[in-house]
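One structure below.
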Amino acid sequence: MTASHPDPRRWKALALLCSAFFMVILDSSIVVVALPSIETDLGFSAGNLQWVLSAYLLSFGGLLLLGGRSADLLGRRRMFMVGTGLFALASLGCGLAWSDMALIGARVIQGVAAAIMTPTALSIVMTTFEEGAERNKALGVWAAIGGVGATAAWLVGGPITSGLGWEWIFFINVPVGLSLLALSPVLLQESRAREGARTFDLGGAATITAALVVLVYAVVEAPDQGWASAQTLGLLAGSLVLIALFAVIESRSSAPLVPLRIFHSRALIGGNLVLVALGMLAFGMPFILTQYAQQVLDYSPVQFGVGSVIMPVMAAVGSTVGQGVITRTGFRRVAIPSLILTALGCAFLTQVSVDGTYFGDIFFGLLVFGPGLGAGYVAGSVASLAGVAESEAGLASGLNNSSFQIGGAIGVAIVSTVARSQADGTSPLAALTNGFQSAFAAAIVFAGVGLVAAIVLLGKPREALQVDAELAAAD
């Protein structure tokens, strides 16, 4: 493809790639609505249920950078097809899962497949469309699909779970994946990086993923073992050792997964910490809310899905408004109020009660939380790319995606732990509600961590120099 002879199939190719992205985003969120049904059918313990989300998020976030690297070296279309086929196969395994461990294992494979598909699909978009107006339009469509996928997950997850069973939230991926596989050789061109060492940083990928798994496991088991127990302290120490080993490997690797020089940017560090905090909020809060609504208020999956869609809708509004404000005032002035809004939303939810109602206990928390999440995500993404060299924009973009997914896994683990440890009361429903109230309070702390990062590391408000380019890169 050249500038004078663009690929005539490029818009059809974009539709195919966006369909794959939609499927990945949908699968990140749709499972939230089905968690209570999955817990009942497969006999999950209260502590293990969070692994249905965390297993996917950890393997997805931990391997995103390696997935993109594999596509560059082995061929983007080839790796996209590998990831898509593996995702369809893993989805089939999720739907056929006969036990809690079988489902968790299949979710790990799903996350690995998503880590291959997502950066590969985006890199194909970048190589299919020439830099300029067409590429910006294609990236805008790509970004919009993410918001639509998150919203659709809340809308369709409930009816599918209630009408067909939770298994079908996974089975629907199979025909979609097979269709994408069939069309890929027809619509997508093969491409790969022609420069640089053809090596993989497997050591770096293995150590950072292992460090995150050990950290999450330590948090999950802490209520039963004790926070000061030898097991908990040993696991936390082991996670720190693995993180240090990762840093050593990256400093000595000829083709590091994450070159350490990229962390010289305060804005990049601050932006990624904001994204970690937002990931903890975006996955942790709904994980608790769906259990409160379905187990305490006795909502059906349909009722919860329809009632909660206000959050992703408002998040889309927040992201749109946030982009416009950033162009005039810079990212810091968007990040700070956004994180305050998410904290206020969680504060509303700490007042949930055993005999609560939708408008009395849920609606206003979601109404406030949503725009904060949407605008904060845009601010964190733009900040994490500010000042990054063009040659490292892809790496920085992959890093902020990983931060959000990994933050989600850690957030789910923490709120699950808090809810279990604080579940006491005069009745089973009262005990559950007390635990959920404490978990929502813990989510306020997540917002506080992001707020501190925004204040300390993002610096003074910046004039929006080259903001259009930064927004396109963030998308």
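Values quoted throughout were computed directly from the atomic coordinates according to the rules given, and no laboratory measurement underlies them. From a predicted model like this one, the values you see are computed outputs, not experimental measurements. Every residue, glycine as well, gets a Cβ built from its backbone with ideal geometry; the counts of neighbours run over all protein chains shown.
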Next on the checklist: Compute the angle between helix 173-187 and the longest alpha-carbon principal axis of the chain, please, reported from 0 to 90 degrees and rounded to the nearest 10.
Outcome noted: 10 degrees
Next on the checklist: For the chain, take the longest principal axis of its alpha carbons; what is the angle in degrees between that and the long axis of helix 76-95, to the nearest 10 within 0 to 90?
Outcome noted: 20 degrees
Checklist entry - Let a ≥ b ≥ c be the square roots of the eigenvalues of the Cα gyration tensor of the stretch 1-186; is it rounded (a/c under 1.5), or, if not, prolate (a/b larger than b/c) or oblate? => result prolate
Checklist outcome for this item: Pseudo-spin-label distance Val445 to Asp298, built 7 Å along Cα→Cβ, given in nm, is 3.4 nm
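Just order 49-55, 425-431, 276-282 by mean Cβ neighbour count inside 10 Å, highest at the front, would you? List each step's numbers first, then the result.
On the way: 49-55: 25.0, 425-431: 12.9, 276-282: 28.4.
Listed from highest to lowest mean packing, they are 276-282, 49-55, 425-431.
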Checklist entry - What is the packing order of peptides 309-317, 7-15, taking the mean over residues of other C-beta atoms within 10 Å and listing the highest first? => result 309-317, 7-15
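Can you give the local net charge around Ser184? Use residues other than it whose beta-carbon is closer than 15 angstrom to its beta-carbon, Lys and Arg +1, Asp and Glu -1. Present the calculation step by step, with values, prior to reporting the outcome.
Values: positive: Arg9, Arg10, Lys12, Arg76, Arg77, Arg78; negative: Asp7, Glu190.
Overall, the nearby charge balance is +4.
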Next on the checklist: Tell me the angle of helix 230-252 to the major Cα principal axis of the chain, expressed in degrees between 0 and 90 and rounded to the nearest ten.
Outcome noted: 10 degrees
Checklist entry - Alpha carbon centre of the stretch 313-329 versus the stretch 11-55: separation in Å? => result 26 Å
Checklist entry - Can you work out the base-10 log of I(q)/I(0) for the stretch 261-475 at q = 0.09, 0.14, 0.16, 0.18 1/Å, using the Debye formula on its C-alpha atoms alone? => result -0.35, -0.77, -0.95, -1.14
Item to check | Estimated inter-spin distance, Glu190 and Met101, nm [label 7 Å along Cα→Cβ] | outcome: 4.1 nm
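What FRET efficiency comes out for Ser251 versus Phe364 if R0 is 60 angstrom and r is the Cβ-Cβ distance? Round to the nearest 0.05. Don't jump to the answer; show the numbers that get you there.
Working: r = 48 Å, r/R0 = 0.81.
My answer for the efficiency is 0.80.
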Item to check | Linear extension gain, Ile340 paired with Ser353, 0.36 nm per residue minus alpha-carbon span | outcome: 2.3 nm
Next on the checklist: Below 8 Å between Cα atoms, with a sequence gap of 6+, how large is the relative contact order for the stretch 261-475 in percent?
Outcome noted: 39 percent
Checklist outcome for this item: Using eta = 1.002 mPa s and T = 20 °C, Stokes-Einstein with Kirkwood Rh from Cα pairs puts D for the stretch 1-64, in µm² s⁻¹, at 146 µm²/s
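May I ask for the Kirkwood hydrodynamic radius of the stretch 170-278, worked out over all distinct Cα pairs and given in angstroms to one decimal? Numbers along the way, then the final one.
Numbers: mean 1/r = 0.0562 Å⁻¹.
Here the Kirkwood hydrodynamic radius works out to 17.8 Å.
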